[in-house]
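Structure record follows, encoded as C-alpha cells.
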C-alpha cells in the first residue's frame, strides 16, 4: 500500500531508495550479529591484541628513554592502534572476496539485473556487515585501552574531524576492495591482490606500528599513500588533533577517493561488457 | 606393527599432497600467483618490523636478527601444516556441514584423512620465504640447520594440535568456525612479536590458551642456543597437546556419529 | 541357502534436535536453557539381505533412508536394535568394514575434480591397501567392462555426467567390495546414460554377485533393477517384498501429457481424470485398472492432431502414500 503511494509521489522516490538500502544493510547486520559465541571470541581477541600493544610499546618507549615519539605518548599510541584495528577489522569478511565469489559463481548476473545500483548495493552490505563489529570493537577496545593506559585528552573537534576522516577513509577502503573484487572478471584468483592490499594496510596503514613512529622520510611517503588514509589518519587525528594535519589528510583522501572511484566505475563497466561478451 | 602403520600413513600423506599440488597445477597462472603473492606478503611483513627496529633497536635484548629467525621458524612450521594438513583449517566447517560422512566411508583414520585432503598452495611461498630468510638470520652451522629442521617439525605439530583442538570444539558447541579462525589468527598474530616485551598475566596467556610461547619464543631460543631441559619441555608440550587433541576429536566424533550435533545437516 | 550379508533387527534411531531461537537474545536463552525436540528417524525396522541381492530401498525425503544407510555403513550409531553387516558391527568396526563395502553417492563425488580418474584410482589402491598386481588386473577388467578406457586420462571436470558416474562406480569397485550402497546413481542423467548405468549395475550384480543396496527417487531405476523393494516412511518399513508386487499393486495410475494442434474442447475418456488443462494441452491421470494406455492413446490420436506426448509414472510419493493408505486398512 505504502509502496504505491511512494511511487506516485515523486519526492518519495528518494525515501524509497533509502529504505531499500537500509533494508539491505539491516539484513547484512542480522546475518553477522547472530553468532553469540563468535562475538565473544572476537572481543577476546581485541582485548589480547591491545594488551600486547600496551606491553610492547611501554617496554619499547622505556628502553628508548622517551615519553613521546612523533608527538605521541604511549597512551596515544595505544588508543591510536585500538581505533585503527577496530576500524579495519570491522570490515571482514573481505568485500573483495565476496565480489570475487559473485563474479565466479555467476550470481553477478542476477545482481546486475536488479533495479538498484550494484555499487550501492555492495556499499549497503559493506556498511551493514561492519557496523555491529565496529561498535563492539570500539566499545570493548575503549574499555581495555582505558584500563591499561588511561584516558587521553579528547576534544570535540578531534572527534568531529576524526569522524569525517573516518567516513571518507571508509569509502576509500570500500572502493579499493571493490576494485580488487572486480579483477575477478579477468583473473582466476584475486586472493593474491587481497593479501598485498592487506599487507599494504599492515605496513603503511599503521595497524601495528603507527606511522607517526616511522623514520621521518618514510613517514612522509606513507602519509601520501592510500593505505594510511583509510583508518590510520582518522585514528591519528582523534588522538592528537591538529587542524593542519586534518587538512593535509583530508585532501589526500579526496584525491585517492576520486582516483579509485573512477577506476572502480571504469572497471565495473568494462567487466560487465566482458561478461556479456563471454556469456559469464 | 605400529611403525608400519605410521610409515603407511606418512607415505599416503605424501601421495595425497602430491595429488593436491598436481590438481592445483592445472591452473598454472593461479598457482604461481599464489606462491609469489604469499612470498611478497611475507616480505612486507618483515619490512614492517625492520621499520620498527629502526626506532626501537633492542627490546630487552631482542633484536631484528632474532625477529628474522622467528619469522623463519614460524613461516616454515606454518607452511608445513598448511601444505600437509590444510584440511585442519576447515575441520570446523567439515563437521558443521556433515561432510565427515565422506571421510567416514573410507578405511582410514578420519582425522588424518580430513587433514591431508587439502593443500594450501600459497604456503609454498611461505616455505620458500622461511627457508631463504633462515639463511639470513645469523651464523649458520650444520648443527643449527639440524636443529631448525627438528624443532621446526616439532613446533609444526604443536601448531597443528592447536588448530585441531580449536576446530574440534564445533563438535560440542555448534558454529565455532569463526571463533576457531580468530584463535588461529591470534596465535599466528602474536607469534611475530618480540616475545621479550611481554610480562605478567599476558605472558601466562601466551603459555596456555594461545600458546605462542611454545611455538615461537621457546623454539627460537633452542635454535640460537640448544638446551636439553628446554628441549624436553618442548617435547613434553607436544605430547600434552597431542593427547588433548586426540581426546577432544575422538569424543567429538562419537557425538557426530550420534547424529545429535547442533547445526549439522544430516 | 545364500549367506546373509546384512542383518537388521529392531533398528531404531532417535535424534535430539536443539531448538534454536531467533535473534541475539534468543541466542542467549538457548545457550543457557536449551530446548530439545526428539525425532524418531528410524523406528524399529527389521530385515535381512542375502548375498547377491539387488534391493531397492526407497521412501520419500526424510523417511529415514539416509539414516538407515548411514547406520549400516557405520557413520551413525543406532539408539536401539542390532545390526550386522558382513559379520561386522558397523558402529564399532567401521574401518574394518570399510574395506569390504563401497558406496556411490550421486551428490558427493569421490573422484578428484581437476585430475583424471586414473589418479584417484591409484590413490584408492593405496588407501585400500590393494596388492599392486591385483589392482592393475582389476582395473583393466573394470575399465573394459565399463568402457572407460578413453576417459581414464581425461580430467574429471571435462567428463559428461554420465561418464563421470561410470568412473565413480569404477572407483567404488576397485577394492572388490561385497556390498555396494548406491545412492541416486542416475540422478541428472539423460535417458541413454541412465540406461547405460542400469546395465552396468545389473552386470555387477549378476556376474560378480555383488550385493547392491540401491536408493533412488527414479521409479525406472527400481522397476528395471531391483527384484526386491523395501519402502520406508516416517522411519517405519511399510513394504518389503518383490518389486513386481509394488508395481502391480501400487502403481495404479499413469500420467499422460498431451499437446495438440487445435484448441481442445472436449476430452472424455473412461478412467481418465483431467488434472491440468490449457487451451492446447492436457494432463490426464489414467486409472490403469479401469482402462489402458493404448486405448487412451488411440482415443487421443483419433480425436486430435497430436504435437507432443509424455507418459509418466506417478511420483514415488504417491505410490508410497497409496501403500500407506492400504496398510491402514
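The values are calculated or read from the model by the stated rules, or taken from the named source; none is laboratory data. Predicted model only: the values in this text are computed from it and were never measured. Cβ: placed from backbone, ideal geometry, glycine included. Neighbour counts: every protein chain shown.
Quick notes
- Scanning the stretch C:163-191 for residues that are assigned to a helix (DSSP H, G or I) and modelled with pLDDT under 85 returns a single hit, C:191.
- Taken over the stretch B:228-254, the criterion of being touching a helix residue (DSSP H, G or I) at 6+ places or on another chain (Cβ under 7 Å) and under 24 Å from residue B:92 (Cβ atoms) is satisfied by B:237, B:238, B:241, B:242, B:244, B:245, B:248, B:249, B:252, B:253.
- Counted residues, the stretch B:162-199 - those being free of Cβ contacts under 8 Å to residues at least 40 places away in the same chain, surrounded by fewer than 20 Cβ atoms within 10 Å (Cβ to Cβ) and not in a helix (DSSP H, G or I): 1
- All positions within the stretch C:144-160 that are surrounded by 14 or more Cβ atoms within 10 Å (Cβ to Cβ) and either assigned to a loop (DSSP other than H, G, I, E, B) or more than 14 Å from chain B (Cβ to nearest Cβ) (or both): C:145, C:146, C:148, C:151, C:152, C:154, C:155, C:159
- Check on residue A:68, more than 10 Å from every other protein chain (Cβ to nearest Cβ), modelled with pLDDT of 70 or more and more than 30 Å from residue A:217 (Cβ to Cβ): no
- Residues considered: B:159, B:106. Of these, the only one that is assigned to a helix (DSSP H, G or I) and either buried (at least 20 other Cβ atoms within 10 Å of the Cβ) or over 21 Å from the mean Cα position of the chain (by Cα) (or both) is B:159.
- Failed item in (1) within 18 Å of residue C:235 (Cβ to Cβ); (2) under 15 Å from the mean Cα position of the chain (by Cα); (3) surrounded by fewer than 21 Cβ atoms within 10 Å (Cβ to Cβ), with residue C:108 passing the rest: (1)
- Residue A:206 within 14 Å of chain B (Cβ to nearest Cβ), crowded, with 18+ Cβ neighbours inside 10 Å and at pLDDT below 90: yes
- Matching residues, the stretch B:82-102, being outside any helix (DSSP H, G or I) and surrounded by fewer than 19 Cβ atoms within 10 Å (Cβ to Cβ): B:97, B:98, B:99
- Residue A:161 being buried (at least 21 other Cβ atoms within 10 Å of the Cβ), in contact (Cβ under 8 Å) with a residue 12 or more places away in the chain, away from every other protein chain (no Cβ under 14 Å) and within 25 Å of residue A:94 (Cβ to Cβ): no
- Of the strands (runs of 3 or more DSSP E) lying entirely inside the stretch C:1-119, those containing at least 3 residues that are more than 29 Å from residue B:109 (Cβ to Cβ) and either modelled with pLDDT under 95 or within 11 Å of another protein chain (Cβ to nearest Cβ) (or both) are C:4-19, C:35-50, C:54-58.
- Verdict on residue B:154 being surrounded by fewer than 23 Cβ atoms within 10 Å (Cβ to Cβ), over 24 Å from residue C:112 (Cβ atoms) and over 14 Å from the mean Cα position of the chain (by Cα): no
- Residue within the stretch A:216-227 that is at the interface with chain B (Cβ under 9 Å from one of its Cβ atoms) and without any contact (Cβ under 8 Å) to a residue 12 or more places away in the chain present: yes
- For residue A:111: the one exception among (1) more than 14 Å from residue A:178 (Cβ to Cβ); (2) in a helix (DSSP H, G or I); (3) modelled with pLDDT under 75: (1)
- Within the stretch B:24-70, the residues that satisfy the criterion of being within 7 Å of chain A (Cβ to nearest Cβ), over 30 Å from residue B:117 (Cβ atoms) and assigned to a helix (DSSP H, G or I) are B:44, B:47, B:48, B:51, B:52, B:54, B:55.
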